[in-house]
Structure formats: C-alpha cells, structure tokens
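Report on the following structure.
Throughout, read-outs are computed from the coordinates displayed, never taken from laboratory work. Being a predicted model, the structure only gives us computed values, none of them experimental. Don't worry about glycine lacking a Cβ; one is built from the backbone with ideal geometry, like all the others, and counts go over all protein chains shown.
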Amino acid sequence: MKKVTVAQLKENSYIDAPVYLDEKFILTSPEIPLKPELIQRLKKWNYQYVFTDGLPTDSPPASTDNVVTSGESLLDQDIKEKEANERARQFFDKISKEMEKIFGEFREKGDIREERLIEISKEMMSEVKQNKHDLLRLQVPQRDDQLYLVPHAVKTAIYALSIADFLKIPPHKQINLATAALLHEIGMLRIPPKIYQHNRALSPEERKTIVAHPVISYKILKEAGFPATVCLGVLEHHENVNGSGYPRKLSGDNISLFGKIIAVASAYSAATSKRPFRDEHDGHTSIMDLVKDGGKRYDERILRALIFTLSIYPIGTYVMLSNGAMGIIVKTDPEAPKHPLVRLLLNEHNSPYRDRPVIQPKDGDEVTIERPLTKPEVEQLKEVLGR
Ligand SMILES: [Fe+2]
C-alpha cells in the first residue's frame, strides 16, 4: 500500500480504495468522503500518514453495492481509548516521579515528608474514583533504570484504592490506606538490592533479612510519626489469614483491614510485574493464582473485592472464545465479574473484524469466553492485525 501524508488529504474528497490508519485499522472506504473533522483529528493525534492503494477523486464510485461501514466510529473509539490511556499514563508517571523523589530523599537523608504523601494519596484517591478503569488497564513496562519499588508502590496503591472503593471505605481512611500502600516496602531500601533481585535460592541469612522488611518499614514510619493504622497496615502486609505469614503469624481478624488489603494489592502488583528472575504474568493468571490462596493467605472478602473490580478476566486480557474467535477485554461489569465485555478482533477463520463489535458473553450463550490467550498466541494475533 502507498503512504499518503495527512496534509495531502483534501476535505470532502474521496479515495477510490479503502484508506487504512496505522496499516491496521480501516479509516474510510471509497463511498465515504474524507470529512474535515476526520482530517483534523488525524492531525491532532499526530498521524502523519494513512495507507491506501487508491487515488483521490472528487466523487464517490458509481456503484455503491457492498458499502462498508465508515471507519469513523472505529477511529472515534480508538481516539477515545488513546486519550484515556494517555491521561492515565501521565498520571501514573507523575505519581511515580514523586515517589522516586520520596524514596531518593529517604535513602539520602532518612527523611519522609508526610504532608507530601498525604497530598499524593488524596490525589490518587480522587483519580481512582474517577478513572478507575483507565488506571487498572494501564500496562506499565518496567524501566531498566528505575527502582522496581517505584511502580510497585504506585500499582499497589491503585489496587488498594480500587478495593477500598468497592468496599465503600470512607475517604479519610482511604487516604491513610493509600499512604500505607505507597510505603509498604520502604524497608526494602535498607536491604541490599542484590538479595531481593536475584534468581537464586536465598541463604537462610538472606531470607531472614528479606523477612525483616515489614518490621523495618513499620519502624521507619512509626519514627516518622505516621498514624497507627498506616504503620500497622505496613507491618502486617505479609501476614496470612491462616496464621502462616510473618512477622507475627497473626490470623483471621487479628490482621488489620489495611494489612489484608495491602497483602492482596501488593501480591497482584508483583504477579503482573516483570522481575529480574521472571516475566510478568497476565492479569487472568495472576488473579487465578491469588484465588488459589483465598482463605489461606488472603482474606476472601478482600479477594472478592479485587475480582469484582478487575473481573476474572481483567481489562486488556486477550481471550479465546468458544467458537475460536479472539478478542480483548475492554470493560468489566462489577455486577458480573465472570462476564466482562469483549471486543472481537479475529473471527473463527482468523480474519480481522472490520468493525470490531463488542459483545458480553454470558453462561449458556452460544459463544462464551474460553481462556486467556498464551503469549505466542497474542504475538500471532498482533501480527495478523498489523498486516
Ligand atoms: Fe513486602
């Protein structure tokens, strides 16, 4: 296909073959004029080229049989998603920078600015309330030059706040919860990174050091004057409801609510993050791993809140449907966590859907969600879509 610069597109003219965006999405067909709004939006989004085999004309083709639907609604959808994703990413980056500064200051001078953390926690609480789905679907690649603790802290706070929102925890408590989630691993900064970033069995001495991090975090925050609920949440984020956790082997309701929420949020964040010793897991696999430990490690009520918020198939998961078609989860239904909304990408014959319809498969329907796609299947899918 030829590349045509967006600047060359003439308003209200036609092109006698389909025009594609990104070599992937159909933008418009020969029967549809290039509307001024469409061209403006392409410019706004810095699309410099479109792709087509056609030539510009001033009128539509004589035959209008087989009219394909305008690509405009697809473009609208695409732009809306890109805007939401960009907003969420900017917010995530902004908070990450703040946390980088906070951890840096702590490492250098041993100070933590509590007022700044309360401000950040407040900001995060209102952002999660307004744009929960956009933040939850955000996929954050780990930068090599960045401390793992930074994105892990921000992600844990987003998941903790989403759980708290589902459980209708009042705002003043949510602010404290977010602060505890942001700082729950701060004790790790006092442990040599080579101990917790390596893919090898730890010596008993090294394991002891790792196991000490909740106590170290607790002491740091207590000394800095943080509220008792924040300190306790941090201290108890590795306690398990069956009493097998650490440092105090607490069980059931002897573990604080913040401790239980941060345990689930931090475990989900860790599972979906790339670590030096393994690749990240997809959202569905991570949720299923947590579910296996429900009632043993994690409190069932908290786990349920995470599942109802994320759904069993979190947003952004690529899935195989029972008829062999493939799609991506675009929205979750808090009323029905097993039945999220799927945008269809490839049909059962492995051809891309032109209009990419959104469906909500339910139990007993002709087509249901069967499983998440494996990594090689996702690569293959992206290749087909990119052709
Ligand atoms: Fe931890």
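Structure summary
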item	result
Check: segment 2-60 dipole with +1 on Lys, Arg Cβ and -1 on Asp, Glu Cβ, in debye	300 debye
Distance between modelled label sites at Asp363 and Val215, nm, 7 Å Cα→Cβ extension	4.7 nm
Structure-based [θ]222 nm, the chain - -39500 (n - 2.57) summed over DSSP H runs of at least 4, per residue, nearest 500	-15000 deg cm²/dmol
Value of relative contact order over segment 2-60, rounded to a whole percent, pairs C-alpha under 8 Å and six or more apart	51 percent
Charge dipole (debye, nearest 20) of the chain; +1 at Cβ of Lys and Arg, -1 at Cβ of Asp and Glu	1340 debye
Viscosity 1.002 mPa s, temperature 20 °C, Stokes-Einstein D of segment 150-258 from Kirkwood C-alpha radius, µm²/s	147 µm²/s
Max mean-square fluctuation residue, GNM over the chain, Cα-Cα springs under 10 Å, options Glu115, Glu239, Glu81	Glu115
For segment 91-184: relative contact order, % (alpha-carbon pairs under 8 angstrom, 6 or more apart)	35 percent
Calculated FRET value between Ala228 and Arg41, using beta carbons and R₀ = 45 Å, to 0.05	0.30
Relative contact order (%) - segment 77-310, alpha-carbon pairs under 8 angstrom, separation at least six	18 percent
Ranked list, fewest to most other Cβ atoms within 10 Å of each Cβ, for Val211, Val230	Val211, Val230
Antiparallel bridges, percent of DSSP beta bridges restricted to the chain (to nearest 5)	95 percent
Column: log10 I(q)/I(0), Debye, Cα scatterers of segment 318-386, q = 0.15 Å⁻¹	-0.44
Placed amide H near Ile15: partners under 5 Å, 5+ positions off or other chain	Thr57
Residue of Asp355, Asp58, Asp333 that the Gaussian network model of the chain assigns the largest fluctuation, springs spanning Cα pairs under 10 Å	Asp58
Extended-chain gain in nm, criterion 0.36 nm per residue less alpha-carbon gap, Glu379 and Arg87	102.5 nm
